[in-house]
Amino acid sequence: MKKLIVAIDGHSGCGKSTTAKLLAEQLNYMYIDSGAMYRAVTLYFLRQGIAPDDVFQVKQSLEQIDITFEVNPESGKSEIVLNGEKIEAQIRTMEVSGKVSEVSAIPVVRRFLVEQQQKLGENKGIVMDGRDIGTVVFPEAEVKVFMTADIMQRAMRRQKELVKKGQKVDLSSIIDNLSSRDFQDSNRDDSPLRKADDAVVLDTSNITIAQQTERILEVVQQKL
Ligand code: C5P
């Protein structure tokens, strides 16, 4: 059967990753969380004390970074690995969330990751979510979705997710983080977050994850 590229972009915390993962499972496609890759680089910079504005250090440290994805045999889910270390939990902290938009605005970091993302999609049959997937990484993707949702709904969902992971964070800090990331991601010079002209807009404020997945599946079916 024909294999497609499904690009899902949108604002922070509106369910992109959860939906993209389910969609990939149903289509039997590979799922790549491009945000996890920016978070992995951010974690590395935080651990090594690398200042995002030190271009020389940033360039040198990228040479030391190896990012792969590995399927967890227990959950069957693909998880990110940084230089051999599984870091899925470590990249979801508020510390990383607070720094990632600054790191992802660095052009050399974007070039480094976009190249890897494009390689991962070489054989199609991939669902990738992020901020610039339909505009920069795969401008030729057959299916492009732009997801958004009311900030309050997004923050409450994110808080529930963090509680499940044992992290207690107050709602106002989550709202601040989501809105400041949206602002920084939309206003950076290099590949800012924006809807691709040919993307379908999906507002997830009042629909369930199952409904979001169903809507995107309908768009995919039309292209198959
Ligand atoms: O998807 P997630 O919210 O985990 O992404 C974390 C951050 O990584 C975003 O706020 C954004 O700064 C950056 N990002 C990006 N381009 C992508 C994916 C994520 O700049 N394709």
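The values are calculated or read from the model by the stated rules, or taken from the named source; none is laboratory data. In this text the structure is predicted, and so the values were computed from the model without any measurement. Cβ coordinates were reconstructed from backbone atoms using ideal geometry, including for glycine residues, and neighbour counts include every protein chain displayed. These accessible areas exclude ligands, DNA and RNA; they are computed on the full protein's heavy atoms, side chains included. Shrake-Rupley method; radii C 1.70, N 1.55, O 1.52, S 1.80 Å.
Is the C-alpha gyration tensor of region 74-156 telling us rounded, prolate or oblate? Criteria: a/c under 1.5 is rounded; beyond that, a/b larger than b/c is prolate, otherwise oblate.
Cα axes put region 74-156 in the rounded bin.
Between rounded, prolate and oblate, where does region 72-224 land on the alpha carbon gyration tensor, with a ≥ b ≥ c its root eigenvalues, rounded for a/c under 1.5, else prolate if a/b exceeds b/c?
Rounded is the answer for region 72-224, as its axis ratio a/c remains below 1.5.
Would you kindly give the portion of the calculated P(r) for region 16-76 that falls above 13 Å, as a percent of all Cα pairs?
Summing the P(r) of region 16-76 above 13 Å gives 70 percent of all pairs.
Taking a 20 Å limit on the Cα-Cα distance, which of the listed pairs Lys16/Lys59; Lys144/Lys195; Lys16/Lys160; Lys144/Lys165; Lys99/Lys144; Lys165/Lys195 fall beyond it?
Lys16/Lys59; Lys144/Lys165; Lys99/Lys144; Lys165/Lys195
Where only protein heavy atoms count, and the probe is 1.4 Å, what is the accessible area per residue for the chain in Å²?
50 Å²
Please check which bits of region 1-18 a label hung off Ile209 would reach, taking the label as a point 7 Å along Cα-to-C-beta and the cut-off as backbone N under 16 Å.
Only 13-18 pass the distance filter.
Between Glu140 and Ser180, what length in nm is gained on full extension when 0.36 nm per residue of separation is reduced by their alpha carbon distance?
Difference between extended and current length: 11.5 nm.
Compare the Cα positions of Leu171, Gly134, Val201 along the charge dipole of the chain (+1 at Cβ of Lys, Arg; -1 at Cβ of Asp, Glu; about the Cα centre) and return the one farthest towards the positive end.
Leu171
Can you give me the distance in nm between label points at Asn187 and Gln222, each placed 7 Å from the Cα along the Cα-to-Cβ direction?
It is 3.5 nm.
Kindly identify region 1-149 as rounded, prolate or oblate by the Cα gyration tensor criterion: order the square roots of the eigenvalues as a ≥ b ≥ c, call it rounded if a/c is under 1.5, otherwise compare a/b with b/c, prolate if a/b is larger, else oblate. Mind showing how you got there, number by number?
On the way: a/c = 1.69, a/b = 1.50, b/c = 1.13.
In terms of gyration-tensor shape, prolate.
If each residue of separation counts as 0.36 nm, what is the full-extension length gain between Ser61 and Lys3 once their alpha-carbon separation is subtracted?
17.3 nm
Measure off, as a whole percent, the carbon and sulfur share of the 1.4 Å-probe accessible area of region 74-224, all protein chains present.
Percent of accessible area from carbon and sulfur atoms in region 74-224: 50.
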